[in-house]
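Visitor: Take this structure first; my questions come after.
The values are calculated or read from the model by the stated rules, or taken from the named source; none is laboratory data. Here the structure is a predicted model, which is why all the values come from computation and not from measurement. In this analysis, Cβ positions are derived from the backbone assuming ideal geometry, glycine residues included, and neighbour counts consider all displayed protein chains.
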Amino acid sequence: MGTAEDKLAELGIHLPTKIGRGKGIIPVRRYGDLLFVSGHGPTNNEGELLYQGRVGRDLSVDDAYLAARATGVQLLRSIRDHVGDLDRLSAILKALVFVSSEPDFFDQAAVAHGFSDLMVDVFGERGLHARSAIGVASLPRNYPVEIELVVAVRN
């Protein structure tokens, strides 16, 4: 099996360069062998939104699935920027997926699969994770999806 970077290349995914954040906000905080990764949304390599709006009103489940997948790419970028090599990941432990959705939309899990499927595609068994998918009224920058992670890493 190839490295995580090789797998990303096979999937046609290029991790963007680091994007700056505001003061007091860091994308990743390490504690021991755990990384706590701040919420990320579906942006491109320049930090511009790829998807926006509320699922069930502005986006279909299929588009929201792709937004969750794009968010996963941004999460991987921040993790790689922090640890230098994605193959240092022991496991993706927990994903918290927020889905901006209409009050009568109940398929947040189908949206979150966009992220989860990418993690398994890239990391195999190391990409399996516990997950919560929660519907919310709105998210920053009009994100349709925001995801935060807890990840285990090797030294």
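Visitor: Condition first: within 17 Å of Ile147 (Cβ to Cβ) and in a loop (DSSP other than H, G, I, E, B). Now tell me which residues in segment 54-70 satisfy that. Let's see the steps before the verdict.
Guide: Residues of segment 54-70 that are within 17 Å of Ile147 (Cβ to Cβ), as a first pass: 54-55, 59, 61, 63-70.
If the condition is that a residue be within 17 Å of Ile147 (Cβ to Cβ) and in a loop (DSSP other than H, G, I, E, B), then Arg54 is the only one that fits.
Visitor: Quick one: Leu15 ticks every box in (1) surrounded by fewer than 17 Cβ atoms within 10 Å (Cβ to Cβ); (2) within 17 Å of the chain's Cα centre (by Cα); (3) modelled with pLDDT under 90 except a single one, so which number is it?
Guide: If we test Leu15 against (1) surrounded by fewer than 17 Cβ atoms within 10 Å (Cβ to Cβ); (2) within 17 Å of the chain's Cα centre (by Cα); (3) modelled with pLDDT under 90, just (1) comes out false.
Visitor: Please enumerate the residues belonging to segment 20-30 that are assigned to a loop (DSSP other than H, G, I, E, B) and either surrounded by 15 or more Cβ atoms within 10 Å (Cβ to Cβ) or among the β-branched types (Val, Ile, Thr) (or both).
Guide: We begin by selecting, within segment 20-30, every residue assigned to a loop (DSSP other than H, G, I, E, B); these are 20-27.
If the condition is that a residue be assigned to a loop (DSSP other than H, G, I, E, B) and either surrounded by 15 or more Cβ atoms within 10 Å (Cβ to Cβ) or among the β-branched types (Val, Ile, Thr) (or both), then Ile25, Ile26, Pro27 are the ones that fit.
Visitor: Looking at (1) closer than 23 Å to Phe36 by Cα; (2) surrounded by fewer than 21 Cβ atoms within 10 Å (Cβ to Cβ); (3) of a type in the set (Ser, Thr, Tyr), which is the one condition that is false for Ser60?
Guide: Tallying (1) closer than 23 Å to Phe36 by Cα; (2) surrounded by fewer than 21 Cβ atoms within 10 Å (Cβ to Cβ); (3) of a type in the set (Ser, Thr, Tyr), Ser60 fails exactly one: (1).
Visitor: In segment 119-134, how many residues are without any contact (Cβ under 8 Å) to a residue 60 or more places away in the chain and in contact with a helix residue (DSSP H, G or I) (Cβ under 7 Å, 6 or more places away or on another chain)?
Guide: Start the filter on segment 119-134 by keeping residues that are without any contact (Cβ under 8 Å) to a residue 60 or more places away in the chain, which leaves 119-120, 125-134.
With in contact with a helix residue (DSSP H, G or I) (Cβ under 7 Å, 6 or more places away or on another chain) added as a condition, the list becomes 119-120, 127-129, 131, 133-134.
Qualifying residue count, segment 119-134: 8.
Visitor: A further question on this structure: Every residue in segment 31-56 that is out of contact with any strand residue (DSSP E or B) (no Cβ under 7 Å at 6 or more places or on another chain), at pLDDT 95 or above and surrounded by 12 or more Cβ atoms within 10 Å (Cβ to Cβ), please. Show your work before the answer.
Guide: We begin by selecting, within segment 31-56, every residue out of contact with any strand residue (DSSP E or B) (no Cβ under 7 Å at 6 or more places or on another chain); these are 31-32, 44-48, 52.
Within this subset, residues satisfying the condition of being at pLDDT 95 or above are 31-32, 52.
Within segment 31-56, Gln52 is the sole residue that qualifies.
Visitor: Every residue in segment 87-99 that is more than 13 Å from the chain's Cα centre (by Cα) and surrounded by 20 or more Cβ atoms within 10 Å (Cβ to Cβ), please.
Guide: Passing the criteria: only Leu89.
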